[in-house]
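Written below as structure tokens is the structure these notes are about.
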Amino acid sequence: YQAKRDRTGVEVYESKRDSNTPDRLGLLGDLRRALDAQEVHLHYQPKVRFDGQVAGLEALVRWVHPERGKVPPDEFIAIAESSGLMPHLTEYVLETALGQVARWREQGLFVPVAVNVSPRDVHTPGFAGSVAARLARHGVPAGALQLEITEHVLLEDPQRAADTLNQLTAHGVKMSLDDFGTGYSSLVHLRRLPVSELKIDRSFVARLAVDTEDAEIVRCTVDLAHSLGLLVVAEGVEDDETWERLRDLRCDAVQGWLVAAAMPPDETTAWLRARGSRGWQRPRAALPAAA
Ligand code: C2E
Ligand code: MG
Ligand code: MG
Ligand code: MG
């Protein structure tokens, strides 16, 4: 494998793209062991509204391989997805996130958490029931959990996917449509999926302040979502100007390095406490994007 260093100086693993190299199989075995050994961790990234109130947190999985260093989620999630390990990874993430939500609630921090789920999960028989059982076991109300899905859930057996998502919604779990705009025929999906939130993909947000076409795409997406009664979150907001444009376009909330990168649990607790009821305050001068 090839390794390069990321901004923090930690080695980042980069695999070749073929799907069944010995390397990839090695990594799969390592991931399986890492899950059993609880070496996979969750970081949390806030979603904040324009008044500074924290709308929720998104759980993002992190794996630091003992020899290879940080393995990017996109990399090992693809491996988990194609190998059948995905349901196991998702159970682990849900279990960890719900345990954390329960601890935060005990400490008086009532913050909803979003967990990313893959199409594979949504198509696993009994998924909705297992999520409900897990919520009950942790004593966490369904309203404190959000699941982020992508349009890819509809690629295979859209009816079954819609059934599962409807069951989850009936339990009170909120659904969010992630990476919006990167899938196919998105409008159809918006009508078919029981989602309450739409997240505009970072690829449209990044150049919003300088690219008029991207700005138009974002404007139309926000208007469309609102006309369907959905909340809109913009991902990947890195600077002040983008924040202002999004506020002017009536986007509901933002997520991005301008506010905070994904943080380990203890840091997240401190971040939540420091904001308290005051909410997140936008710094007056543009910050250099945090690493
Ligand atoms: P996503 O769900 O769309 O998550 C957003 C990604 O953008 C995260 O990358 C986050 O760290 C990154 N990000 C957030 N703010 C900024 C910003 O201001 N600028 C830039 N350049 N990037 C920003 P991450 O953590 O590497 O995750 C990548 C993807 O991996 C996620 O995309 C999600 O699809 C997937 N993923 C992460 N955790 C899980 C998980 O627990 N389960 C599943 N199934 N997928 C996950
Ligand atoms: Mg997400
Ligand atoms: Mg996303
Ligand atoms: Mg994304």
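The values are calculated or read from the model by the stated rules, or taken from the named source; none is laboratory data. All values reported here derive from a predicted model rather than from experimental measurement. Glycine gets a Cβ as well: all are built from the backbone with ideal geometry, and neighbour counts include every protein chain shown. Keep in mind that these areas ignore ligands, DNA and RNA; they rest on the heavy atoms of the full protein, side chains included. Shrake-Rupley method; radii C 1.70, N 1.55, O 1.52, S 1.80 Å.
Here is how the numbers come out for the structure above:
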{"quantity": "Gap separating the Cα centres of the range 22-47 and the range 146-218, nearest whole Å", "calculated": "26"}
{"quantity": "Lysine pairs with alpha-carbon atoms under 21 Å apart, the chain, spacing 8 or more or separate chains", "calculated": "6"}
{"quantity": "For Arg192, solvent-accessible area (1.4 Å; no DNA, RNA or ligand), Å²", "calculated": "120"}
{"quantity": "Accessible area (Å², per residue) of the chain, counting only protein heavy atoms and a probe of 1.4 Å", "calculated": "48"}
{"quantity": "5 angstrom amide H check on Leu231, placed H, neighbours 5+ away", "calculated": "Glu197, Leu198"}
{"quantity": "Per-residue ³J(HN,Hα) for the range 45-56, Karplus 6.51 cos²θ - 1.76 cosθ + 1.60, θ = phi - 60°, Hz, x for Gly and Pro", "calculated": "10, x, 10, 10, 8, 6, 8, x, 5, 7, 7, x"}
{"quantity": "Over the chain: helical MRE at 222 nm, DSSP H runs n ≥ 4 each giving -39500 (n - 2.57), nearest 500", "calculated": "-13000 deg cm²/dmol"}
{"quantity": "Share of carbon and sulfur in the accessible heavy-atom surface of the chain [1.4 Å probe, %]", "calculated": "51"}
{"quantity": "Relative contact order [Cα under 8 Å, 6+ residues apart], the range 148-289, whole percent", "calculated": "17"}
{"quantity": "For the range 190-242: relative contact order, % (alpha-carbon pairs under 8 angstrom, 6 or more apart)", "calculated": "49"}
{"quantity": "Protection-proxy order for peptides 129-139, 145-155, each taking the mean of Cβ atoms within 10 Å per residue, highest first", "calculated": "145-155, 129-139"}
